[in-house]
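Below: one structure, written as structure tokens.
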Amino acid sequence: MTMQPAPSTEPVLSGLHLAKAFSSGEIRATVLSDLSIEVYPGELTLISGPSGCGKSTLLSILSGLQKPDQGSVRALGESLLELSPRGLEGFRLRHTGFVFQGFNLFPALNAREQVELPLTYLKLGKAEARARALAALDEVGLSARAHLRPAQLSGGEKQRVAIARAIAKRPQLLFADEPTSALDAANGQIIVDMLHAIARTHQATVLCVSHDPRVAAHADRVLVMEDGCILSDRRASRPERHPT
Ligand SMILES: Nc1ncnc2c1ncn2[C@@H]1O[C@H](COP(=O)(O)OP(=O)(O)OP(=O)(O)O)[C@@H](O)[C@H]1O
Ligand SMILES: [Mg+2]
């Protein structure tokens with residue numbers, strides 16, 4: 001596939017010297033050790049690596065869900081660790097979308113309602129929320145299925161509803177943790193292509209965690225993690241960029 005040149009813009013998301021450990025009784029396990037990462041807008045950045053190497057932990061720190069023990073996180077010019085809990089909540093609501101492995105849809109809501117719900121938290125008017133929800137469902141090819149509930153949708157369709165829910169807010173930062181691992185190869189491919197298109201068309205920063213090697217071929221940039229560190233940073237059209 002053709003790769004875009006690396007963006008000349010500044011990173012919009014970065015983690016510097018991140019460290020994180022979890023204690024269980026006497027045992028303290030290091031999950032991230034002095035990890036630094038910069039992520040650029042308009043592209044799909046993939047973090048891959050073996051199970052347990054710290055990918056989800058890194059994603060949750062970069063999205064403000066978890067705090068590191070050491071290091072800093074800058075997102076859209078804000079230092080996330082310096083925000084108050086309320087400020088952080090507002091930041092996440094306004095600027096970030098999250099797509100999970102297990103879709104996290106409400107069983108009782110149809111596709112349109114799933115997508116509309118977070119928009120109501122943004123205090124959008126009813127008509128605008130509906131228009132945005134329908135536009136987002138159209139973007140993921142589900143206009144004709146907007147009235148269906150999760151039980152009436154396939155796995156791939158459910159994940160597309162989850163993507164529509166995330167993009168309807170028009171977030172600048174979109175995070176996805178193993179979004180394809182519950183799907184077969186063909187549906188996984190559709191989801192990856194969609195995340196790619198979102199990065200391009202919305203100039204969004206899409207950071208996706210996956211240990212599916214098939215996904216790696218379709219990202220603009222692939223970071224490989226192992227044991228809490230970034231081992232390699234590959235971008236086809238530009239020499240390797242080393243983590244700082
Ligand atoms: N809240 C927690 N408490 C204790 N240990 C944790 C916690 N969260 C993660 N860990 C541990 O940190 C390590 C890294 O976990 P993480 O979920 O980040 O890995 P991962 O790379 O996403 O793995 P997978 O590919 O299986 O999803 C694991 O050993 C895990 O058990
Ligand atoms: Mg994980």
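Laboratory data are not the source of any read-out in this text; all were calculated from the coordinates shown. The structure presented is a predicted model; accordingly, all values stated were derived computationally and were not measured. Cβ placement follows ideal geometry from the backbone for every residue including glycine, while neighbour counts extend to all protein chains displayed.
For segment 172-209 and segment 129-164, what is the separation of their C-alpha centers, rounded to whole Å? Each part reduced to its Cα centre gives a spacing of 15 Å. Partners of Lys169 within straight-line reach, counting lysines whose Cα lies under 20 Å from its Cα and excluding those fewer than 8 residues away in the same chain: Lys123, Lys126, Lys158. By the count of neighbouring beta-carbon atoms within 10 Å, fewest first, Glu157, Glu128 end up ordered Glu128, Glu157. Each of Leu65 and Glu26 was given a label point 7 Å from its Cα along the Cα-to-Cβ line. The distance between the two points is 3.3 nm. In sequence order, segment 55-62 has phi-based couplings of 5, 5, 4, 4, 4, 6, 6, 5 Hz under the Karplus curve 6.51 cos²θ - 1.76 cosθ + 1.60, θ = phi - 60°, and Gly or Pro positions carry x. Modelled spin-label separation between Asp184 and Asp233, with each label point placed 7 Å from Cα along the Cα-to-Cβ direction: 3.9 nm. At full extension, Ser84 and Asp138 could sit 15.8 nm farther apart than now, given 0.36 nm per residue minus the alpha carbon distance. Each 5 Å bin from zero up to the one holding the largest Cα-Cα distance in segment 61-190 carries the following percent of pairs: 2, 11, 19, 20, 18, 13, 10, 5, 1, 0. Orientation-averaged projection of segment 56-97 equals 2.8 nm² [convex hull of Cα atoms, one quarter of hull surface area]. In terms of its Cα atoms, the chain spans 48, 43, 39 Å along the principal axes, sorted from long to short.
As a rough guide to protection, the peptides 228-235, 79-86 ranked by mean Cβ packing within 10 Å, highest first, stand as 228-235, 79-86. Near Gly71: Cβ cut-off under 10 Å, other residues only, Lys/Arg at +1 and Asp/Glu at -1. The net charge is 0.
Potential lengthening of the chain between Thr201 and Ala19 amounts to 62.2 nm, from the contour at 0.36 nm per residue minus the alpha-carbon distance. Most simply put, the chain has about 55% antiparallel DSSP beta bridges, counting only bridges with both residues inside it. Note on segment 139-227: Cα Rg divided by 2.2 N^0.38 Å, N the number of residues, gives 1.09.
Partner aspartates and glutamates whose Cα lies under 17 Å from the Cα of Lys20, excluding those fewer than 8 positions away in the same chain, are identified as Asp34, Asp69, Glu226, Asp227. Taking the average, over residues, of other Cβ atoms within 10 Å as the packing measure, peptides 34-47, 178-191 rank 34-47, 178-191 from highest down. Modelled this way, with points 7 Å down the Cα-to-C-beta line, the labels at Asp193 and Ala151 are 3.2 nm from one another.
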